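This report concerns only the one structure given below.
The values are calculated or read from the model by the stated rules, or taken from the named source; none is laboratory data. Since we're looking at a predicted model, the values are computed, not measured. Note: ideal-geometry Cβ built from the backbone for every residue, glycine included; neighbour counts use all protein chains shown. The accessibility values were calculated without ligands, DNA or RNA, using every heavy atom of the protein model including side chains. Shrake-Rupley method; radii C 1.70, N 1.55, O 1.52, S 1.80 Å.
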Amino acid sequence: MDKNICQVYEDEIQLLEEEIKLLTEKYEDSQQESTFFSDEEILMSINSLQKEFQGESKGNESPSDLKARLGSLETDLSFLMKFTGIQFRSHSKQTVEKTGNRTVQKHRLSANCHSLSFQLEFQLLEMRNKESVSAVITDLNIVMASGENSDMRKFVSSAGEHGNLLTFFRSLSSYAEWYEHRRCTFLHFK
Amino acid sequence: GVFAHLELLEERAYEAAVKQEEMEQQEEKLARLKTRVQELRLQRDELRAKVDLQQKGQLGKEGAVSNPAQPSARAVLEWKIKSLKAMLQIFYLTGISGKLSKRGVCFCISTAYEGTYLDSFHLDLLTKPEVQIYRHSVPIFIPLQQIAKKYLQTDIRRFLSVLSDHLNAYVGRRYQADQLQEHFSGQIEGTLQRNSLCNLLVFNYNVSSESKTFPFNVRLLYGDPCCSLPTEVVISCTPDAPAPLAEMAAAHSDLFRRVALHKAFRSFGSAGERVD
């Protein structure tokens, strides 16, 4: 009889631990997604952390390590933006659903590709199985800021129809490069 | 006599002591578990309350211990790091992402079919003394060396773009064949034959006319490696097939050239065209 009670307690402990894990993640995600710090605030934090830390070794990551991690991520991002021509101006996301192996997030992005500005909204569904993570885009909404001509309208509407985010980016890249090249050529001849 | 009796008493006392100890251990364990459950319940309830408050947008003024209204410098930097990581993940969705390495760049080409992201392929490039491919996960039937020879030295962007075209087309063709096998296996007769590049598909499917079923044999050739629609479609039916079937074969042949394979089969079901 006692063994059964033990089992009941142990089951409840496991459930509670899982629930706590999910609640913690939900809380942290929400914190992350609803906060924003400007570049100045980031710089101020780097400086104040270095001052605070003088001689301390709390088992926390040292400010120089933190700074290095930050620096490396910024370098990678800046490289990608320069290389692809795609500059992200702002990005916000909201975790809509998060269960055991399924996460749904709403993303809002404003960016430009060379001189073409656009805004994106979409939902990203990620499902984790044993070996991989699958990603599916739904509810894709694309708005081109620079006014649409017929070429742009074509690939924007067909991409939006099927949630074809990847095709949108690939078509946009090549279109934007062509557009930029044409613009430079015109300027050259002015 | 007496000794035997004593021994028996000793044994019984020993057994009783063991039982007593077991019982005490069991009680202790129960008590521990009970306490743990109560601790966890408390923790869970506190978290629930925190999350509820957060949902209502009131947090920050409560001064909860782990997140004071004035976040620490460390917390601010951790926020920035998470935020940058999220943005780098978005690059994955654009098709080209990567990171700088000591001797060059590691690129990651992602592929997708419509809204579903599929395989991603990695290329480790060295940039000195000249651009070269150090390592990659591109399958052997993609003409990587050919594409590299043409573009790698002069225009890396173009190189990646052309490679991406090949990879996306390959993955797209494979996806269509997989979808066909997964969702329309009832209509396929026998096995679907395909090569590694998935640019040659041969299979049989059943079509019915006047309540009789006839097999169609289809050969799809995808002549353009950067395209996921076939350039050549050959549909043949048995010689004893009635005339309207020849028309159907021609219609299907045209359809397969214009529409993705699994979507074509989906349209068979809904259009009332009997394919079973």
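Side notes on the structure shown:
Residues checked against (1) within 23 Å of A:F83 (Cβ to Cβ); (2) touching a helix residue (DSSP H, G or I) at 6+ places or on another chain (Cβ under 9 Å); (3) open to solvent by 20 Å² or more (accessible area, probe 1.4 Å); (4) of a type in the set (F, W, Y):
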| site | (1), (2), (3), (4) |
| --- | --- |
| A:N141 | no, yes, yes, no |
| A:N149 | no, no, yes, no |
| A:R170 | yes, yes, yes, no |
| A:E177 | yes, yes, yes, no |
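- The residue that is nearest to B:Q89 (Cα to Cα), among those in segment A:101-140 that are out of contact with any strand residue (DSSP E or B) (no Cβ under 7 Å at 6 or more places or on another chain) and basic (K, R), is A:R128.
- Checking each residue of segment B:119-134 against the condition of being closer than 23 Å to A:L172 by Cα, at the interface with chain A (Cβ under 8 Å from one of its Cβ atoms) and touching a helix residue (DSSP H, G or I) at 6+ places or on another chain (Cβ under 8 Å) gives no match.
- Failed criterion for B:I147 (all others in (1) without any contact (Cβ under 8 Å) to a residue 60 or more places away in the chain; (2) surrounded by 17 or more Cβ atoms within 10 Å (Cβ to Cβ); (3) at the interface with another protein chain (Cβ under 10 Å from one of its Cβ atoms) hold): (3)
- Residue that is nearest to the chain's Cα centre (by Cα) [pool: residues in segment B:93-104 that are surrounded by 17 or more Cβ atoms within 10 Å (Cβ to Cβ) and either in a helix (DSSP H, G or I) or more than 7 Å from chain A (Cβ to nearest Cβ) (or both)]: B:L93
- A count restricted to segment B:155-175 and to residues that are touching a residue at least 60 places away in the same chain (Cβ under 8 Å) and assigned to a loop (DSSP other than H, G, I, E, B) stands at 0.
- Some residue of segment A:74-84 being more than 30 Å from B:G57 (Cα to Cα), in contact with a His (Cβ under 7 Å, 6 or more places away or on another chain) and more than 8 Å from every other protein chain (Cβ to nearest Cβ): no
- Flag if B:D178 is assigned by the TED database to the domain that holds B:G115, part of a helix (DSSP H, G or I) and of a type in the set (D, E): no
- Hits in segment B:106-142 - residues which are in a strand (DSSP E or B), open to solvent by 20 Å² or more (accessible area, probe 1.4 Å) and touching a residue at least 40 places away in the same chain (Cβ under 8 Å): B:Y113, B:T116, B:L118, B:D119
- Screening the candidates B:S211, B:S236, B:S196 for the property of being open to solvent by less than 70 Å² (accessible area, probe 1.4 Å) and among the hydroxyl-bearing types (S, T, Y) yields one hit, B:S236.
- Test: residue in segment B:30-38 that is out of contact with any Lys or Arg (no Cβ under 8 Å at 6 or more places or on another chain), farther than 30 Å from A:I5 by Cα, at pLDDT below 95 and more than 9 Å from chain A (Cβ to nearest Cβ): no
- In segment B:217-229, the residues that are assigned to a strand (DSSP E or B) and surrounded by 15 or more Cβ atoms within 10 Å (Cβ to Cβ): B:N217, B:V218, B:R219, B:L220
- Any hit, segment B:198-216, residues being within 24 Å of the chain's Cα centre (by Cα) and not in a strand (DSSP E or B): yes
- Applying the set (1) under 21 Å from A:I137 (Cβ atoms); (2) modelled with pLDDT of 90 or more; (3) not charged (D, E, K, R) to A:L16 leaves exactly one unmet item: (1).
- When each of A:K82, A:K106, A:K3 is tested for being surrounded by fewer than 11 Cβ atoms within 10 Å (Cβ to Cβ) and modelled with pLDDT of 90 or more, the lone residue that passes is A:K82.
- Evaluation of A:V136 against (1) at pLDDT 90 or above; (2) more than 12 Å from chain B (Cβ to nearest Cβ) (one fails), failing number: (2)
- Some residue of segment B:238-247 being modelled with pLDDT of 90 or more and among the small types (G, A, S): no
- Hits in segment A:1-45 - residues which are over 22 Å from B:Q38 (Cβ atoms) and more than 7 Å from chain B (Cβ to nearest Cβ): A:E25, A:E28, A:D29, A:E33, A:S34, A:F36, A:S38, A:D39, A:E40, A:L43, A:M44
- Tally of residues being in a helix (DSSP H, G or I) and more than 7 Å from chain A (Cβ to nearest Cβ) across segment B:69-84: 3
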